[in-house]
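Heads up: the structure comes next, in structure tokens.
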Amino acid sequence: MATVTTEDLNNLVLDINAEEVKKELLSKYPTKVARKRAKQIVINEVDPDSCVPEISSNIRTIPGIISQRGCTYAGCKGVVLGPTRDIVNITHGPIGCGFYSWLTRRNQTKPKDPKDHNFMPYCFSTDMQDEQIIFGGEKKLKQAVQEAYDLFKPKAIGIFSTCPVGLIGDDVHAVAREMKEKFGDCNVFGFSCEGYKGVSQSAGHHIANNGIFSHVVGLDDTVREGKFKINMLGEYNIGGDAFEIERLFEECGITLIATFSGNSSYDYFANSHTADLNLIMCHRSINYVAEMMETKFGIPWIKVNFIGAEATAKSLRKIASYFDDPELTEKVEAVIAREMPEVTAEREKAKARCKGKTAMLFVGGSRAHHYQELFREIGMETIAAGYEFAHRDDYEGRRVLPGLKVDADSRNIEELHVEADANRFRPRLSEEDITRLEEAGIKLSEYEGMMADMENGALVIDDISQFETERLIELYRPDIVCGGIKEKYIIQKSGVPMKQLHSYDYSGPYAGFKGAINFYQEIDRMVNSKVWKFLKAPWQENPELAAKYVWE
Ligand code: CFM
């Protein structure tokens, strides 16, 4: 028998086209499963109008498939409310839910004054036991809320429901109302964000957004000083990203009223309706708040991206165009001009060593898109990407929204009915402003989605499974794969460097100009490290194993 070398195999792999890869990924599934997955594995094709193929998403993961997804509780308690420092977030449930959602996301915070409340280092839970499961947990929940109030005197307490709470029927909202009334000086609110409530953490984002909008936004009408007042929506200060973005705003003379919710405080949310523009960073997790604030208070929103140096410059310029003020434009240009030389120097260094290399990104609901920018800047191509829990609009753009079918799982999540506030609705833009922005190419309330930015022929995969991840790596041998902690070691064991884009592998920031430099340097080190060449994956030691399914 002729020996097949690794090199032969690699050459063979390069000849495989996306259609064949897709067939290969589906070939091991039972027919019904394959049919469903086929709609979630799409070969990208962008037409001149930026129209892209349809991709099935935000649907249930098929039982038995190992998914990257998290639960609804995680999306509500961990993602949206997790980064706010001065709300006591009590997990009503068994202790594990509270423990594993405690600080694992690496969102950082910096209280303005060291004496200000910061509850993020604490983990609050009712530690539900058999007795509560059988006889009900409301009594224990009230005790926990009381104890938190007595010990910390917080401005607000949030109660987060885990799966058993929904199963036994505890009414967290009734408890919240009762305790809020009892205290008088502490806002208490509950979230029905049981883990099973939706198909992923995405449902939890929606529930969190509804709760914050109903219970907090608009409580404080104080008008703060500042000419250019904005909110930043969908930025969660992972690895200190928000600090870098805040630095840029400050240097440009832009006043940040509230961030939802990186480095945030309860007070900022309460006052956020006084801003004049909402910037959406992560469209998936928070577009609901932007829409509700526009309807109720008249605040327009634009999509921004502070991941990537060019994207950062573009986003700052977008803000300047929106406010149309020569002083702001000048400052923004000055900041960009000052930051760029260092960025360009570092980028060129990394590019010389990374150009032509390939990446795969399978992350959450926005980063698989945003981080393609950073890779592009150092000459790397994203050959496959996908989200864990995004919806079709995050892939295909908001143009698909009117035609989206609402299934039973989505209907399960409350849609708030929001109307213009009789006293506080204030349109921020005149007809002329809107025309001016259109002419400048600034689109309001628009997101184009990930696929329009990807190359034709790239694979776009929704809710990728572990099996598919492994096969893709074997077939394409990418130079780097990005994902989360659950995928990390499987990828590294196949001899491919892996970068976590959720926690940043304890590094960061990657946002803004300084963040871009960090990213270029780290990716350069990773994809050019020789250590991976010393690792032998099973199919490299026994090539006939790999050959079997390549040629089958
Ligand atoms: Fe938005 Fe996020 Fe993301 Fe997300 Fe997340 Fe996250 Fe993420 Mo992990 S809010 S969708 S639910 S950008 S925690 S900060 S990294 S999966 S891509």
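The values are calculated or read from the model by the stated rules, or taken from the named source; none is laboratory data. Computed from a prediction, not measured in an experiment: that's the story for all the values here. For neighbour counting, all protein chains shown are included, and Cβ atoms are generated from backbone atoms with ideal geometry for every residue, glycine included. The area values use the complete protein model at the heavy-atom level, side chains included, leaving out ligands, DNA and RNA. Shrake-Rupley method; radii C 1.70, N 1.55, O 1.52, S 1.80 Å.
Look at (1) among the hydrophobic types (A, V, I, L, M, F, W, C); (2) within 16 Å of the ligand (Cβ to nearest atom); (3) without any contact (Cβ under 8 Å) to a residue 40 or more places away in the chain and you find that Ile212 fails only one, number (3).
From the list Glu250, Glu235, Glu246, Glu225, the lone residue that is free of Cβ contacts under 8 Å to residues at least 12 places away in the same chain and charged (D, E, K, R) is Glu250. Of all residues in segment 350-382, those satisfying the criterion of being more than 16 Å from the ligand (Cβ to nearest atom), in contact with a Gly (Cβ under 8 Å, 6 or more places away or on another chain) and small (Gly, Ala, Ser) are Gly356, Gly379. The listed residues are Asn278, Asn305, and the only one of them that is within 16 Å of the ligand (Cβ to nearest atom), touching a His at 6+ places or on another chain (Cβ under 9 Å) and not in a helix (DSSP H, G or I) turns out to be Asn305. When the residues of segment 375-432 are filtered to those that are in a loop (DSSP other than H, G, I, E, B) and basic (Lys, Arg), the one that is surrounded by the fewest Cβ atoms within 10 Å (Cβ to Cβ) is Lys405. Please tell me if Ser57 is touching a helix residue (DSSP H, G or I) at 6+ places or on another chain (Cβ under 6 Å), of a type outside the set (Phe, Trp, Tyr), away from the ligand (no atom under 11 Å from the Cβ) and at pLDDT 95 or above. Yes; evaluated as a whole, the condition is true for this residue.
When segment 28-51 is limited to residues that are farther than 23 Å from Asp453 by Cβ and touching a residue at least 12 places away in the same chain (Cβ under 8 Å), the one that is surrounded by the most Cβ atoms within 10 Å (Cβ to Cβ) turns out to be Arg37. Within segment 341-366, how many residues turn out to be outside any helix (DSSP H, G or I) and either open to solvent by 50 Å² or more (accessible area, probe 1.4 Å) or among the hydrophobic types (A, V, I, L, M, F, W, C) (or both)? Residues in segment 341-366 being outside any helix (DSSP H, G or I) and either open to solvent by 50 Å² or more (accessible area, probe 1.4 Å) or among the hydrophobic types (A, V, I, L, M, F, W, C) (or both): 7 in total.
Among Phe260, Phe243, Phe213, which is modelled with pLDDT of 95 or more, part of a helix (DSSP H, G or I) and either in contact with a Leu (Cβ under 8 Å, 6 or more places away or on another chain) or among the hydroxyl-bearing types (Ser, Thr, Tyr) (or both)? None of the other options fit; the residue is Phe213. Looking only at residues of segment 433-453 that are among the small types (Gly, Ala, Ser) and in a loop (DSSP other than H, G, I, E, B), we find that the one that is surrounded by the fewest Cβ atoms within 10 Å (Cβ to Cβ) is Gly441.
Here's the yes/no breakdown for (1) buried (at least 24 other Cβ atoms within 10 Å of the Cβ); (2) in contact with a Lys or Arg (Cβ under 9 Å, 6 or more places away or on another chain); (3) within 14 Å of Glu194 (Cβ to Cβ):
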site: Gly75; (1), (2), (3): yes, no, yes
site: Thr84; (1), (2), (3): yes, no, no
site: His92; (1), (2), (3): yes, yes, yes
site: Gly96; (1), (2), (3): no, no, no
site: Phe99; (1), (2), (3): no, no, no
site: Thr104; (1), (2), (3): no, no, no
site: Thr109; (1), (2), (3): no, yes, no
site: Asp113; (1), (2), (3): no, no, no
site: Asn118; (1), (2), (3): no, yes, no
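Among the residues of segment 454-488, the one identified as open to solvent by 50 Å² or more (accessible area, probe 1.4 Å) and under 14 Å from Trp532 (Cβ atoms) is Arg477.
Against the criterion of being of a type in the set (S, T, N, Q) and modelled with pLDDT under 95, Ser410 qualifies.
Only one of the listed residues (Asp185, Asp170) is buried (at least 24 other Cβ atoms within 10 Å of the Cβ), more than 16 Å from the ligand (Cβ to nearest atom) and assigned to a loop (DSSP other than H, G, I, E, B). That residue is Asp170. Which of (1) closer than 30 Å to Tyr387 by Cβ; (2) among the aliphatic types (A, V, I, L, M); (3) open to solvent by 60 Å² or more (accessible area, probe 1.4 Å) is the odd one out, the single condition Ile133 does not satisfy? Here Ile133 meets the rest and fails (1). Scanning segment 334-365 for residues that are farther than 15 Å from Thr312 by Cβ, free of Cβ contacts under 8 Å to residues at least 24 places away in the same chain and not aliphatic (A, V, I, L, M) gives a single hit, Glu348. No other residue among Gly64, Gly82, Gly75 is in contact with a helix residue (DSSP H, G or I) (Cβ under 6 Å, 6 or more places away or on another chain) and either modelled with pLDDT of 95 or more or part of a loop (DSSP other than H, G, I, E, B) (or both) apart from Gly75.
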